[in-house]
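Each value in this text was obtained by applying a stated rule to the coordinates, not by laboratory testing. Small disclaimer: the values here were computed from a predicted structure and weren't measured. Here the Cβ positions follow ideal geometry from the backbone for every residue, glycine too, while neighbour counts run over all protein chains shown.
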Amino acid sequence: MRRIEVELGERRYPVVVGDGARRELPTVVAAAVPSASRAAVVTQEGISAIVDPGVPSERFVVPDGELAKSLSGAEALCRGFARTGLSRTDVVIAVGGGVVTDLAGFAASIYHRGTAYVNVATSLLAQVDAAIGGKTGVNLPEGKNLVGAFWQPSAVLCDTGVLATLPPREWASGRGEMAKYAFLGPPGSPPDASILGLDLADQVAACARIKAEVVSADEREGGRRMVLNYGHTLAHALEAEGFEPGRGWDLRHGEAVAIGLVFAAELAHRLGRIDGDRVALHRRVVGAFDLPTELPGGIDPERTLAFMGRDKKAHHDLTFVLDGPDGVEVVRDVGEDVVLATLADMVTAEGGER
Ligand code: GLY
């Protein structure tokens, strides 16, 4: 097993990666939450991974899909925890992808004003990203992840053995976040897709290591942690817009991030931050992860811009994470005209008119 520490002082915790990692759960719970005499195992329909927390447990199955991530879903879990007598010294175990780890982590953060939880991540996306870092939360009808808490897990188990049954689109979604990490190495390090040559557990561990390092440096996203949103401003807009009636595209999160990475490179180029070779490198790296690099058909730049403005990270101006001479960093106050022109250029290029 590979073991990565998220260094947060007294709240430091391990991320254990490897085939069969979920079988470490009883040992991990005993070490990380020694007070636990009961566990609430939260999982989702369709997740077949079975876990043994090593203490008596109750199982809670939340509905399939992103809709499970709601305030009423968190309330239902907390009420279930209360009915089964889960105490503050016990433990919540989230077994699933990002929806489950976000929802169960949020329920744990508010149950008895904070109860320990352990993530057993069963999707590639959760293993490389969503299960690590302590951002928990639920959606509102007004937007994704608008209610939440920073509440770090006590441990994260990434069992790469359970990924064998992951549907192809879910692999693609995880690869989008993996591609993002290719650009988040130390300044000056050339982004590349060489991670793909490693065995799966080492790929996951390499990503978890970057995530752990960034979270350790900036737990509450005061600065550096924002680089984890590379590619996400457009991605969130595309995802939100895709839900609108009649839009006709269905992008998984990581697929949207992949397009967002290419867009961010084009935008950085237009702003004079990087040269054309660096844009081409973005396209090559994202393509090597077998991910889309073009906008979905039917994009209307004005509409997409409006969706970007609703991104909660935008703080009234348009904020992007962009590559530049000092590497990837947060860039505020990006003019709408530049964003529109970049989108329009990508649309035109894809239509073959340029
Ligand atoms: N839960 C995901 C994060 O903290 O980034």
Cα-Cα pairs above 18 Å in region 155-306: how many percent? 61 percent
Excluding same-chain residues fewer than 8 positions from Lys135, which aspartates and glutamates have a Cα within less than 19 Å of its Cα? Glu5, Glu7, Glu10, Glu66, Glu75, Asp102, Glu177, Glu213, Asp218, Glu219, Glu221, Asp311
Please state the relative contact order of the chain as a whole percent: Cα pairs under 8 Å, 6+ residues apart? 15 percent
Can you give me the P(r) profile for region 120-200? Cα pairs, bins 10 angstrom wide beginning at 0, each as a whole percent. 16, 37, 35, 11, 0
Provide Rg and Dmax in Å for region 32-170, with only Cα atoms included in the calculation. 13.6, 40
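Rounded to the nearest 500, what is the chain's calculated 222 nm mean residue ellipticity when only DSSP H runs of at least 4 contribute -39500 (n - 2.57) each, over all residues? Walk me through the numbers before you get to the answer.
Numbers: 10 runs with 132 residues, N = 354.
Computed mean residue ellipticity for the chain: -12000 deg cm²/dmol.
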Return the single residue from Arg332, Arg59, Arg113 with maximal mean-square fluctuation; model: Gaussian network over the chain, springs between Cα atoms under 10 Å. Arg113
Report the normalised scattering of the chain as log10 I(q)/I(0) at q = 0.16 Å⁻¹, calculated by the Debye formula with identical scatterers on the alpha carbons. -1.42
Leading residue at positive end of dipole, the chain (Cβ point charges), from Phe307, Ala130, Val286: Ala130
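For the peptides 27-34, 158-165, what is the packing order when you average, over each peptide's residues, the other Cβ atoms within 10 Å and list the highest mean first?
On the way: 27-34: 16.8, 158-165: 19.2.
Per-residue mean Cβ counts within 10 Å order the peptides as 158-165, 27-34.
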Report relative contact order for region 155-223 in percent, whole number only (criteria: Cα-Cα under 8 Å, sequence separation at least 6). 24 percent
With the dipole of the chain defined by +1 on each Lys or Arg Cβ and -1 on each Asp or Glu Cβ, the option from Ser109, Gly18, Gly335 whose Cα lies farthest towards the positive pole is Ser109
Binning every alpha carbon pair distance of region 271-350 at 5 Å from zero, what are the percents per bin? 3, 13, 19, 24, 25, 14, 2, 0
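Could you give the dipole magnitude of the chain about its Cα centre, charging the beta-carbon of Lys and Arg +1 and that of Asp and Glu -1, in debye to the nearest 20?
Details: 36 positive and 48 negative charges, 247 e Å.
My answer is approximately 1180 debye.
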Selected from His232, Val204, Gly222, residue furthest toward positive end of dipole (region 200-243; charges at beta carbon): Gly222
